[in-house]
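What follows is calculated from the coordinates using simple rules that are stated; it is not laboratory data. Just so we're clear, the structure is a prediction, and the values are computed from it rather than from any experiment. As a convention, Cβ positions derive from the backbone with ideal geometry for all residues, glycine included, and neighbour counts pool all protein chains shown.
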Amino acid sequence: MNVAERNAEVVRAAYAAFNRADIDALSEAFAENATWHTPGKSSAAGDAKGRDEVFAQFGKYGGETDGTFKASLLDVFASPDGRVVGLHHNTGERNGKQLDTDCCIVFDLQDGRVTSGREHFYDLDNWDSFWS
């Protein structure tokens, strides 16, 4: 298995761990100095620095949706330069609102661990409205 394939497997495992809220497995996948960027103008938008802040962002997704937030992985694209793109569909319920939008995350990996993630939403207005 080459580096791109290994990185793709790390991302697949991280998605599965995220949807199970498995912090131990996520800790294996993410570097301690990982960063995360969520675009938009809602309360969910912003930058997280360090694994603890990244996981707090993930916790917000689950906590503010009573555990209904899911990121259903559709496909993974990996390149030899250490980047992986995960394409997924987000769903969730919050304050009577429904989230239903596609997203991709561009992951950077180093030594088999995620060092950064940048979310990109197909319908950013839907995302922002859901979290507002």
Practice problem: Return the aspartates and glutamates within reach of residue 49: Cα separation strictly under 13 angstrom, same-chain partners fewer than 8 residues apart disregarded; answer none if there are no such residues. | Solution: 32
Quiz item: Where a Cα-Cα gap under 18 Å defines reach, which lysines qualify for residue 70, not counting those fewer than 8 residues away within the same chain?
Solution: 60, 97
Quiz item: In whole Å and largest first, what semi-axes does the C-alpha gyration tensor of the chain yield when each eigenvalue is scaled by 5 and square-rooted?
Solution: 24, 15, 13
Practice problem: Could you please report the charge total around residue 48, scoring K, R as +1 and D, E as -1 over all other residues with beta-carbon less than 14 angstrom from its beta-carbon? | Solution: -1
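Sorted by mean Cβ packing within 10 Å, highest first, what order do the peptides 83-94, 65-76 take?
Details: 83-94: 18.2, 65-76: 15.2.
Per-residue mean Cβ counts within 10 Å order the peptides as 83-94, 65-76.
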